[in-house]
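Below is one structure, written out as structure tokens; the observations come after it.
No lab work stands behind these numbers, since they all come straight from the coordinates. Predicted, not measured: the structure shown is a model, and the values here were computed from it. For neighbour counting, all protein chains shown are included, and Cβ atoms are generated from backbone atoms with ideal geometry for every residue, glycine included.
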Amino acid sequence: MAFNFDECIDRRHSDSYKWQKYAGRDVIPLWVADTDFRSPPCIIEALHARVDHGVFGYGMSPTALSDIFIERMRERYQWDVKAEWLVFLPGLVSGLHLAVRALTEAAEAVVIPNPIYPPFRAAARSAGRPQRLAPMHLVNGRWCVDFASTDPALAGDERLLMLCNLHNPGGTAYRREELMQHLAFAQQHDLLVCSDEIHCDLLLTPGLRHIPFASLNEEAAQRSITLMSPSKSFNIAGLGASVAVIPNPRLRMKFAAQRAGVVPAVDVLALCAANAAWRGGQAWLSQQLDYLRGNRDRLTERLQEIPGLTLAGPEATYLAWIDASGLAVDNPHAFFEQAGVGLSAGADFGDSRFVRLNFGCSRTVLDTALDRMAHACQHLRRA
């Protein structure tokens, strides 16, 4: 079955957080990380069937979803996950906050890569934890953590290392040896690890494979929490269902204690959507990846023609971390917004010289946005 990713679905008058930001304005929203693609038919059909049942009381522990997830981890990553390791959550961001609060005490610091998805730093800030930034540099066109320059910045009070695998916003798919460097750094400084792997399905460069941090070896498993979700892969972010994989029973108990009475269970419709996605959405996912590769390649080609903008990668995700430092503007985000393209501000990720572009949209929308960006940059050069 062929799926139509060229379809332009009008989200302007829906409850879309992404599109309502610019309600009434001629601005194309390519910022927050959901896509404009219709979710797989298997999810829509499963939700219709569940809604037709008509009763939405408290749901049970998602045993069926656990089984599907465990089998998925075994088939895709040769990772033998146990059911007792799993804690289901109504969203991955809550998992980041719980991990910080469960794995650190008040005076203990969190090591966070920079640039990074904003909730990483927000989780540490909300819990009142000190932050140590681990700078990321381009290495052969890929964004990687520079542990050599991170070491001197440590104060000895660090307890948790945050990992974004696959990396948002840089689009890096970490190789095994790079994940082993993360593990060695964690061992050297006696750090626990929280690995956000929400984008794990979205590999664009052929031949690459995702490697869950906890699957490296038993040492990695016992010092880590891994966070996963079908939300980015199948465009069901509004149906919050995520899972924390915590092999270490002591860490799992701490995590559960922080969650108790504060973070609710996953609702029945979100469980239904997640179940359908992981059970029957693979054909749709494969075709989406082909489409996103085309968008990534189109974006890369067009940006090469726009003076002042450069892009490294991305190898994965549908997010592009664009260096706008070559433009003679103080605020690239505001500049492109004025030109009719709503991007994510690089300052929110740790570097105001950049903007993040979400290319999870129809090619028509992407081309229109790129035309606006090119026109704005050309006009700037002539001014």
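Overview of values
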| read-out | value |
| --- | --- |
| Over the chain: helical MRE at 222 nm, DSSP H runs n ≥ 4 each giving -39500 (n - 2.57), nearest 500 | -12000 deg cm²/dmol |
| Added length on full extension, which subtracts the Cα-Cα distance from 0.36 nm per residue, Arg293 to Arg250 | 11.3 nm |
| Backbone N within segment 146-174 under 15 Å of label point (7 Å from Ala107 Cα along the Cβ vector) | 155-159 |
| Percentage relative contact order, the chain, counting C-alpha pairs under 8 Å, at least six apart | 23 percent |
| Charge tally in the Cβ shell below 13 Å around Gly340, where Lys, Arg are +1 and Asp, Glu are -1, Gly340 excluded | -1 |
| Share antiparallel - DSSP beta bridges, the chain, percent rounded to 5 | 50 percent |
| Percentage, to the nearest whole number, of Cα pairs in segment 64-216 over 18 Å apart | 59 percent |
| Low-density loop cleavage sites - trypsin sites (Lys or Arg not before Pro) in segment 258-298, where at most 14 other Cβ are within 10 Å (DSSP) | none |
| Theoretical FRET efficiency, 1/(1+(r/R0)^6), r = Cβ-Cβ of Ala283 and Ser14, R0 25 Å, to 0.05 | 0.45 |
| Gln131 long-range amide H proximity, modeled H, under 5 Å | Val110 |
| Gaussian network model of the chain, springs between alpha carbon atoms under 10 Å - residue of Asp26, Asp146, Asp15 with greatest fluctuation | Asp15 |
| Space enclosed by the convex hull of the alpha-carbon atoms of segment 94-162, per residue, Å³ | 75 Å³ |
| Antiparallel content of DSSP bridges confined to segment 56-280, in %, to 5 | 40 percent |
| Counted charge near Cys164, where neighbours are those whose Cβ lies closer than 10 Å (Asp, Glu -1; Lys, Arg +1) | -2 |
| Pairwise FRET efficiency - Val55 versus Thr300, Cβ, R0 = 35 Å, nearest 0.05 | 0.10 |
| Formal net charge of residues neighbouring Cys200 (Cβ-Cβ distance under 12 Å; K, R +1; D, E -1) | +1 |
| Global geometry of the chain, whether rounded, prolate or oblate, following the gyration tensor of its Cα atoms and the 1.5 cut on a/c | oblate |
| C-alpha center-to-center spacing [segment 1-73, segment 263-300] in angstrom | 9 Å |
| Nearby lysines by direct alpha-carbon distance to Lys82 (threshold 27 angstrom, same-chain neighbours under 8 apart not counted) | Lys232, Lys254 |
| Top of Ser215, Ser149, Ser14 by mean-square fluctuation, Gaussian network on the chain, Cα under 10 Å | Ser14 |
| Contour excess over end-to-end distance, with Cα ends at Gln222 and Ile44 and 0.36 nm allotted per residue | 60.3 nm |
| Choice from Leu319, Leu154, Leu89 showing the highest fluctuation, given a GNM over the chain with Cα pairs closer than 10 Å | Leu154 |
| FRET efficiency, 1/(1 + (r/R0)^6) with R0 30 Å, evaluated for Arg176 and Ala64 via beta carbons | 0.40 |
| Label point distance in nm, Met1-Ala265, each placed 7 Å from Cα along Cα→Cβ | 3.0 nm |
